[in-house]
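K.L.:
Structure in structure tokens, see below.
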Amino acid sequence: TIRTISSFNFTNVRKGRTSKFIPLPTDISNFAFTYAQSSNVFRSPIIEREERTEHRGVLDYNYSPGVKPIYPFKKAINKIKNKNAVKWLGLIREININPLPNSIGFRNELKRNFGETTYRFTDETSSTYYDKKFVWDRAYNLQWNIFKSLRLNYTANNNAIIDEMEGRIDEQVEKQALWNNIKRFGRTKNYQHNVSASYTLPLKYIPALDWVTVKGQYNATYSWTAATLGLDSLGNVI
């Protein structure tokens with residue numbers, strides 16, 4: 001009885017940011033890469049050969065421009081010498097806008113498991129069995145404080161499976177069919193997103209109302225689950 005296990009991985013490989021300038025969305029330092037591979041081979045008096053391999057690749061992207069909000073009227077109002085007038089103009093002085101999102105990110109993870117087991121003392125038609133799975137998980141997120149008082153968040157997750165033909169993928173036709181499924185981003189099994197927004201009335205900049213706090217919040221969630229292939233005529237679930 002012999003079992004041989006081997007593996008290697010590169011986890012979260014990335015280039016550190018050294019520039020003090022605002023990073024560009026295409027900056028290589030916004031990306032991180034992960035790749036892992038493992039192999040488990042076994043044989044015994046009953047099993048002629050059992051091979052299980054796993055490949056995992058991850059691409060992470062996170063972009064945070066770090067741009068400060070713009071106050072178009074702040075400098076002009078601060079030049080007014082009448083402090084009492086400046087106090088009552090606080091609502092106008094604090095008008096602001098953030099031209100870029102605070103952060104944008106996405107994650108792509110592909111994971112392929114392949115198993116092949118061949119038994120001894122059986123005929124060729126029933127000696128070998130396959131167990132494999134190829135999945136593609138994607139996640140997205142967006143955070144944007146459009147104004148200091150208005151905050152927006154968006155997150156989404158998509159779980160897809162990449163269909164394969166039976167057995168090993170050796171023939172050109174099989175390889176082409178697999179690549180076609182990858183180009184279509186797989187077959188989505190589950191999808192879910194969440195949107196939330198919160199707004200706080202800027203009453204603290206109005207002297208007569210600075211003791212009042214009013215806040216509104218909105219949340220929306222959407223989820224979709226695919227039916228199994230055998231029950232496709234019954235539709236999906238939302």
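The values are calculated or read from the model by the stated rules, or taken from the named source; none is laboratory data. None of these values were measured; they are calculated from a predicted model. FYI the Cβ positions are ideal-geometry reconstructions off the backbone, even for glycines, and counts take in every protein chain you see. Surface accessibility is based on the protein's heavy atoms, side chains included, excluding ligands, DNA and RNA. Shrake-Rupley method; radii C 1.70, N 1.55, O 1.52, S 1.80 Å.
K.L.:
Quick one: net charge around residue 55, please, counting Lys, Arg +1 and Asp, Glu -1 for every other residue with C-beta under 12 Å from its C-beta.
P.N.:
My count for the surroundings of residue 55 gives +4.
K.L.:
Excluding ligands, DNA and RNA, what is the solvent-accessible area per residue of the chain at a probe of 1.4 Å, expressed in Å²?
P.N.:
69
K.L.:
Of all chymotrypsin sites (Phe, Trp or Tyr not before Pro) in region 18-61, which ones are in loop regions per DSSP and have a Cβ with at most 11 other Cβ atoms within 10 Å?
P.N.:
21
K.L.:
A further question on this structure: Pop out the ³J(HN,Hα) list for region 199-204 in order, Karplus 6.51 cos²θ - 1.76 cosθ + 1.60 with θ = phi - 60°, rounded to Hz; leave Gly and Pro as x.
P.N.:
My calculation for region 199-204 gives 9, 10, 4, x, 6, 5 Hz in order.
K.L.:
Then there is this: For residue 200, what charge total do you get from the other residues with a beta carbon under 14 Å from its beta carbon, if Lys and Arg give +1 and Asp and Glu give -1?
P.N.:
+2
K.L.:
Another question, then. Which log10 I(q)/I(0) values, to two decimals, does the chain give at q = 0.13, 0.15, 0.16 Å⁻¹ under the Debye formula with one point per Cα?
P.N.:
Debye curve over Cα of the chain, log10 I(q)/I(0) at q = 0.13, 0.15, 0.16 Å⁻¹: -1.02, -1.18, -1.25.
K.L.:
Let me have the relative contact order for the chain, percent, based on Cα pairs under 8 Å that are six or more residues apart.
P.N.:
14
K.L.:
If you don't mind, there's one more thing I want to ask. Suppose only helical runs count, i.e. DSSP H with n ≥ 4. What mean residue ellipticity at 222 nm does that imply for the chain under -39500 (n - 2.57) per run, divided by all residues and rounded to the nearest 500 deg cm²/dmol?
P.N.:
-3000 deg cm²/dmol
K.L.:
So if a site counts as exposed when it's one of the GluC sites (Glu not before Pro), its DSSP state isn't H, G, I, E or B, and it has at most 16 other Cβ atoms within 10 Å, what's the longest stretch of the chain without one?
P.N.:
1-123
K.L.:
List the trypsin sites (Lys or Arg not before Pro) within region 168-238 that fall in a DSSP loop (any state other than H, G, I, E or B) and whose Cβ has at most 16 other Cβ atoms within 10 Å.
P.N.:
168, 184
K.L.:
If you don't mind, another one. For a quick check of your reading of the filter: which trypsin sites (Lys or Arg not before Pro) in region 1-87 sit in a DSSP loop and have no more than 11 other Cβ atoms within 10 Å?
P.N.:
Sites meeting the loop and neighbour criteria: 15, 20, 79, 81.
K.L.:
With an 8 Å Cα cut-off and a minimum separation of 6 or more residues, compute the relative contact order for region 168-226 in percent.
P.N.:
36
K.L.:
May I pose another question? Cut-off under 29 Å on the C-alpha distance; same-chain residues fewer than 8 positions from residue 15 excluded. Which lysines are left, in chain and number order?
P.N.:
Of all the lysines, those that pass the test against residue 15 - Cα under 29 Å, at least 8 places apart if same chain - are 68, 111, 183.
K.L.:
Please report Rg over Rh for region 102-223, where both radii come from the alpha carbon positions and Rh follows the Kirkwood definition.
P.N.:
1.33
K.L.:
Now for a separate question. Could you work out what % of the accessible surface of region 95-177 is carbon and sulfur, using a 1.4 angstrom probe and leaving DNA, RNA and ligands out of the count?
P.N.:
Its accessible area is 54 percent carbon and sulfur atoms.
K.L.:
Ok, one more. Return the sequence-ordered ³J(HN,Hα) values of region 175-185 in whole Hz as given by the Karplus equation 6.51 cos²θ - 1.76 cosθ + 1.60 applied to θ = phi - 60°, using x for Gly and Pro.
P.N.:
Taking θ as phi minus 60°, the curve returns 5, 5, 5, 5, 5, 4, 5, 5, 4, 8, 6 Hz for region 175-185.
K.L.:
How big is the dipole moment of the chain about its Cα centre under a simple scheme where the beta carbon of each Lys and Arg is +1, that of each Asp and Glu is -1, and everything else is neutral? Debye, nearest 20, please.
P.N.:
It comes to approximately 2380 debye.
K.L.:
A follow-up question, please. In a Debye calculation with equal point scatterers on the alpha-carbon sites of region 169-237 and no solvent, what is log10 I(q)/I(0) at q = 0.17, 0.22, 0.26 Å⁻¹?
P.N.:
One equal scatterer on each Cα of region 169-237 leads to -0.84, -0.99, -1.07.
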